[in-house]
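Below you'll find the structure, written out as structure tokens, and then a few comments.
The values are calculated or read from the model by the stated rules, or taken from the named source; none is laboratory data. Not measured: the values here are computed from a predicted model. Here the Cβ positions follow ideal geometry from the backbone for every residue, glycine too, while neighbour counts run over all protein chains shown. What goes into the accessible areas is simple: the full protein's heavy atoms, side chains included, and nothing from ligands, DNA or RNA. Shrake-Rupley method; radii C 1.70, N 1.55, O 1.52, S 1.80 Å.
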Amino acid sequence: MATCWHNSPPRPDQNMASPAEPTVREIFTAFLEGWLVRQEAFLEKLQILSSVPLDVTEEKDEERRHFVERILAHYQQYYEEKIKAAKEDVFLMFSPPWLSSFERALLWISGFKPSMLFPLLNGLVGDFKLSAEQFQRIEMVKAETRREERKIADEMARIQESVAAPPIFNFMRKMGRLVDGEVSELNTAVEGLKAAMVVVMGDADNLRDSTVRKIVEILNPLQTVKILAGAAEFQLQARRWGMQRDSERRNTEFE
């Protein structure tokens, strides 16, 4: 009796393409969307905590201090996710497609310039009066921040200028005509460029973080929630306005 061979039925997971790994862009965009939702919620709470100027009891101040720590941790999480993404694709982090064109126009080394906090603080002085000591300490932080900004900007300029010099530019001119050894050399040079950009972005984010923390140390709890509310509102409003302008421009282009 002849033996009949039958093909085994395919398993459910056969002939199915495995899902593609999410890209750095997809991962960070998803993170940012959730982060901004939390930012909106934090802003509402900050506005509540800063809306009753006469409520300066120790209990209320303690609530404000606790909430300020949550806000600082919220920003720290953002910087940690940024540097993690930058180590995968630093060029993407310097020209983030998830931002509006207006937001990108305001970028200084992949984020807002730290010294932008000081005009915000000046705008809120009408809401609370700084003591002479606070004013002097704020001025010292401002001067220190601007010195550090110049140092970081100089380093960024050095990195940018290095692209127009050997070896990277020489390899760029021969693109498509590189031999094996030159391809390896170009890859090594580009990896060095990317590593330097990650470092300078980290320095800029550290300065953003340290500037806020130094200001928080100077202000009292009520003043602190006011400046943090102002900073959060600026960021969210800049995003809304920028997104709206981009949407209006796209609609005009298709008319």
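Overview of results
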| item | result |
| --- | --- |
| Anchor LYS226: lysines whose Cα lies under 27 Å away (excluding residues fewer than 8 positions away in-chain) | LYS45, LYS60, LYS82, LYS113, LYS129, LYS142, LYS214 |
| Estimated vicinal HN-Hα couplings, Hz - region 100-106 in sequence order (Karplus 6.51, -1.76, 1.60; Gly, Pro = x) | 6, 5, 5, 4, 5, 5, 8 |
| With 5 Å bins from 0: P(r) over region 31-152, alpha-carbon pairs, percent | 2, 8, 13, 17, 21, 17, 12, 7, 3, 0 |
| Simple spin-label estimate for SER131 and LYS45 in nanometres, 7 Å along Cα-Cβ | 2.8 |
| SER50 accessible area, assembled protein chains, probe 1.4 Å, Å² | 20 |
| Cβ-derived FRET efficiency at R0 25 Å, LYS84 paired with SER247, nearest 0.05 | 0.25 |
| Probe 1.4 Å, protein heavy atoms only - accessible area per residue of region 75-152 in square angstrom | 56 |
| Trypsin sites (Lys or Arg not before Pro) restricted to region 177-252 and DSSP loop, no more than 14 other C-beta within 10 Å | ARG177 |
